[in-house]
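Heads up, the thing below is written out as structure tokens.
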Amino acid sequence: MVMFLFLVIALAVVVTAVTLAVVGGGESDGPLPEVAPERLQDPLPPDRPVNRADVEGLRFPLTARGYRMADVDDALSRLGAELAERDARIADLESALAGARAAAHVALHKPEQGHGEQQ
């Protein structure tokens, strides 16, 4: 019985100490100091296209529910825009290459006129 009472009193002291530490226990600074939110340490470079090393080095700060959604949304928007831009550039280059190949094919197979041939 004495051991039970000792454990109950010890538990009450621990709970009181933790509660006072969290609530502030009479300190004038308030319960907990305000902390600036964690931000992305190395964001994607704004002055040049993103490369593989930029993406591999990207680390998002953790929050209580995972990652900061604003940082992840910004990075995904940037990567999506750059991928769309590159896809459009690749499509333009491929169509220009196809046009150049077609023109070269027509030029190679076009019969030569002149020198003794009649029209």
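The values are calculated or read from the model by the stated rules, or taken from the named source; none is laboratory data. Worth saying up front: this structure is predicted, and the values here are computed from it rather than measured. For neighbour counting, all protein chains shown are included, and Cβ atoms are generated from backbone atoms with ideal geometry for every residue, glycine included. Surface areas here come from the heavy atoms of the whole protein model, side chains and all, with no ligands, DNA or RNA. Shrake-Rupley method; radii C 1.70, N 1.55, O 1.52, S 1.80 Å.
Okay, here's what the table says:
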read-out: Top-ranked residue in segment 50-75 [being β-branched (Val, Ile, Thr) and open to solvent by less than 40 Å² (accessible area, probe 1.4 Å); ranked as modelled with the highest pLDDT]; value: 72
read-out: Candidate set from segment 75-87 (those that are within 14 Å of residue 43 (Cα to Cα) and free of Cβ contacts under 8 Å to residues at least 24 places away in the same chain); member that is nearest to the chain's Cα centre (by Cα); value: 76
read-out: Per-region count, segment 88-111, residues open to solvent by 100 Å² or more (accessible area, probe 1.4 Å) and under 30 Å from residue 42 (Cα atoms); value: 1
